[in-house]
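The values are calculated or read from the model by the stated rules, or taken from the named source; none is laboratory data. Worth saying up front: this structure is predicted, and the values here are computed from it rather than measured. Reconstructed Cβ throughout: ideal geometry from the backbone, glycine too, with neighbour counts over all protein chains shown.
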Amino acid sequence: MKDIIAFAGSNSSDSINKQLATYAASLVDTAEATILDLNDFELPIYGKDLQEAEGIPQNAAIFLDLIKKSDGIILSLAENNGAYSAVFKNLFDWLSVIESKNWFNKPMLLMATSPGGRGGQSVLQIALDRFPRHDANIVGSFSLPSFSTHFKDGEIRDAELKEMLQIEIEKFKAQL
């Protein structure tokens with residue numbers, strides 16, 4: 001059986017993106033999923049001077065190793081002011097210092113959700129453009145608009161959106 005990791009680009013204790021990533025991972029019946037929480041990988045704010053003085057934080061190296069060992073990645077990005085959340089950007093910065101091609105060509109299902117009607121499409125577009133430069137193999141993407149309207153009791157309730165996600169899940173499973 002394959003091993004995948006799923007996480008949100010958020011450190012919110014009630015992250016809607018973590019809920020979406022967890023749900024999506026539960027639909028991948030051909031793999032064992034490990035759900036990661038960025039709160040378990042606390043990192044100092046990246047800075048060149050800090051890196052030179054103290055080296056690479058252990059949590060960044062551990063996270064990168066989890067990516068390396070996985071067979072696939074499900075990532076749902078939180079959107080703050082139209083871009084990555086600060087906690088995700090900081091993690092991404094540390095990872096790219098260790099290994100610039102930090103996604104290791106792993107199949108990736110890239111998602112975003114938000115309370116609003118655009119469903120995190122701005123951050124999704126940024127990642128769709130940026131991540132392939134870091135060796136991301138994005139095999140599917142999905143945006144869930146108006147989270148509280150469409151996601152209830154741990155799953156997507158809107159039939160059309162649920163089917164759209166299932167199509168992306170099947171693409172992801174085919175690449176594992």
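Descriptive notes on the structure:
- Residue check, Gln51 over 27 Å from Ile169 (Cα atoms) and either acidic (Asp, Glu) or in a helix (DSSP H, G or I) (or both): yes
- Qualifying positions in segment 1-54 - within 19 Å of Leu66 (Cβ to Cβ) and of a type in the set (D, E, K, R): Lys2, Asp3, Lys18, Glu32, Asp37, Asp40, Glu42
Okay, residues lined up against (1) under 24 Å from Asp93 (Cα atoms); (2) modelled with pLDDT of 95 or more; (3) in a loop (DSSP other than H, G, I, E, B); (4) of a type in the set (Phe, Trp, Tyr):
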| residue | (1), (2), (3), (4) |
| --- | --- |
| Ile4 | yes, yes, no, no |
| Phe7 | yes, yes, no, yes |
| Asn11 | yes, yes, yes, no |
| Lys18 | yes, yes, no, no |
| Tyr23 | no, yes, no, yes |
| Asp29 | no, yes, yes, no |
| Thr34 | yes, yes, no, no |
| Leu43 | yes, yes, yes, no |
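- Against the test of being touching a strand residue (DSSP E or B) at 6+ places or on another chain (Cβ under 6 Å), polar (S, T, N, Q) and surrounded by fewer than 16 Cβ atoms within 10 Å (Cβ to Cβ), the options Thr34, Thr22 yield a single qualifying residue, Thr34.
So that you can scan it fast, the table gives a plain yes or no per residue for (1) within 25 Å of Lys2 (Cα to Cα); (2) in contact with a strand residue (DSSP E or B) (Cβ under 7 Å, 6 or more places away or on another chain); (3) surrounded by 15 or more Cβ atoms within 10 Å (Cβ to Cβ):
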residue: Phe63; (1), (2), (3): yes, no, yes
residue: Lys68; (1), (2), (3): yes, no, no
residue: Glu79; (1), (2), (3): no, yes, yes
residue: Tyr84; (1), (2), (3): no, yes, yes
residue: Val87; (1), (2), (3): no, no, yes
residue: Gly119; (1), (2), (3): no, yes, yes
residue: Ile126; (1), (2), (3): no, yes, yes
residue: Pro145; (1), (2), (3): no, no, yes
residue: Glu160; (1), (2), (3): no, no, no
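- Each residue in segment 62-114 was checked for being among the aliphatic types (A, V, I, L, M) and outside any helix (DSSP H, G or I), and 11 of them qualify.
- Taken over segment 81-131, the criterion of being among the hydrophobic types (A, V, I, L, M, F, W, C) and within 25 Å of Leu161 (Cα to Cα) is satisfied by Ala83, Met108, Leu109, Leu110, Met111, Ala112, Val123, Leu124, Ile126, Ala127, Leu128, Phe131.
- Restricting Ile126, Ile138 to residues that are in a helix (DSSP H, G or I), under 14 Å from the mean Cα position of the chain (by Cα) and either among the basic types (Lys, Arg) or closer than 30 Å to Gln51 by Cα (or both) narrows the list to Ile126.
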